[in-house]
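Asker: Supplied in structure tokens, the structure appears directly below.
The values are calculated or read from the model by the stated rules, or taken from the named source; none is laboratory data. Because the structure is a prediction, the values reported are computed rather than measured. Counting neighbours? That spans all protein chains shown, and the Cβs are built from the backbone with ideal geometry, glycine included. Ligands, DNA and RNA are stripped out before the accessible areas are found, and what is left, the full protein with its side chains, is counted by its heavy atoms. Shrake-Rupley method; radii C 1.70, N 1.55, O 1.52, S 1.80 Å.
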Amino acid sequence: SVTSFSVLEEPLANIRVYRQALNTNTYLQRQNILLQDELSRLRAIEEENKELRALLEYREESNFEMTPVLIVGKQLDGLNNILTVDGGTSHGLKEGMPLVNSNGLIGKIVLAGNYYSQVMPYYNSLFRVSARIQENQANGIVSWNGEIYGELVMDFVPKTISVDSGYVVETSGSSNQFPAGIPIGRVIRTEPEPGRQTQRIFLEPYVMLADIDQGFIIEFEPDSNVSNLQQEYNQLFE
């Protein structure tokens, strides 16, 4: 009887062991998911802390007054892209003020409301900024051709000026619209323009718009004396 009972019990014991192993495996899978989720959150917090520290250092080193803002809206799927930030005229912000982060230029305010503002980023077919190459002080205009994300174009640089990959392009301040010295990007290649004495310089922007969540509005306003002279000059040809 004992022998017969043990023979019958063995398959049942195997089933119990199998079920226990299955339950243990399910529990371990759930714990692994929870741990992976916690690890992802910790990594995100670490990256956010790094960015905040970099922003604070940038603010301390800057000579300009800055207002911190969060980027609460992004439209980056066309030619006329736009960002929305949680700062407006009630915070002292005005149209034309640039948006930056610790890596460099992002864009400028084109419409300021009471509590929110619309920012035109460099990925916009209408965006233009006077720029210079840090290594040789060559001047030009940086824009986006509306074709390739991750690439900007600098025009009007003479062919006679040597430009190498890795050179830094920054705002020049010549247009009286942006303060000088804000990094824009680094040179990745150059191409001569057929039939012209200039070359096209292609840049990789320092700021990746898809990744940014916060930044600073530089409280910069154009010099009224320069603006008045420009208006008087334009009136001469009207």
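Asker: At a 10 angstrom cut-off on C-beta neighbours, averaged per residue, how do the peptides 206-213, 192-199, 80-87 rank from highest to lowest?
Answerer: Peptide ranking by packing, descending: 80-87, 206-213, 192-199.
Asker: Once the piece of chain linking LEU126 and GLU221 is laid out straight, how much longer is it, given 0.36 nm per residue of separation minus the C-alpha distance between them?
Answerer: Additional length available on full extension: 32.2 nm.
Asker: If we sort 144-151, 118-125 on the protection proxy, mean other Cβ atoms within 10 Å, highest first, what's the order?
Answerer: 118-125, 144-151
Asker: Can you give the accessible area per residue of the range 90-137, in Å², using a 1.4 Å probe?
Answerer: Each residue of the range 90-137 exposes 42 Å² on average to a 1.4 Å probe.
Asker: Using 0.36 nm per residue, how much length does the chain from GLU204 to GLN20 gain when fully extended, once their Cα-Cα distance is taken away?
Answerer: Answer, rounded to one decimal: 60.6 nm.
Asker: Would you please classify the overall shape of the range 86-167 from the alpha carbon gyration tensor, given that a ≥ b ≥ c denote the square roots of the eigenvalues, rounded means a/c under 1.5, and beyond that prolate means a/b larger than b/c while oblate covers the rest?
Answerer: Taking the square roots of the gyration eigenvalues as a ≥ b ≥ c, the range 86-167 is prolate.
Asker: Still on this structure, I have one more. Please list the non-local residues whose amide H lies under 5 Å from the amide H of LEU111, H modeled 1.01 Å from N, same-chain partners needing a gap of 5 or more.
Answerer: GLN118
Asker: Something else about it: Can you pull the one-decimal nm distance between simple spin-label points at ASN63 and GLN231, each 7 Å off the Cα toward Cβ?
Answerer: 2.7 nm
Asker: What are the ³J(HN,Hα) couplings of the range 205-218, residue after residue, when phi is run through the Karplus curve with 6.51, -1.76, 1.60 and θ = phi - 60°? Round to Hz, x for glycine and proline.
Answerer: Result, rounded to whole Hz: x, 6, 9, 9, 4, 5, 9, 7, 10, 8, x, 10, 8, 7.
Asker: Which cross-chain or sequence-distant (5 or more) residues have an amide H under 5 Å from the amide H of GLY185, H modelled 1.01 Å from N in plane?
Answerer: VAL169, TYR206
Asker: Would you please give the FRET efficiency between LEU34 and TYR115, computed as 1/(1 + (r/R0)^6) with r the Cβ-Cβ distance and R0 = 41 Å, to the nearest 0.05?
Answerer: Computed FRET efficiency for LEU34 and TYR115: 0.60.
Asker: For labels at SER174 and ILE188 in the simple 7 Å Cα→Cβ model, what's the distance in nm?
Answerer: 2.4 nm
Asker: Between ARG43 and ILE148, what length in nm is gained on full extension when 0.36 nm per residue of separation is reduced by their alpha carbon distance?
Answerer: Going from the current span to full extension adds 34.8 nm.
Asker: Considering amide H positions built from the backbone, and no H for Pro or chain starts, which residues 5 or more places from ILE71, or on another chain, come under 5 Å of its amide H?
Answerer: Correct list: GLN214, GLY215.
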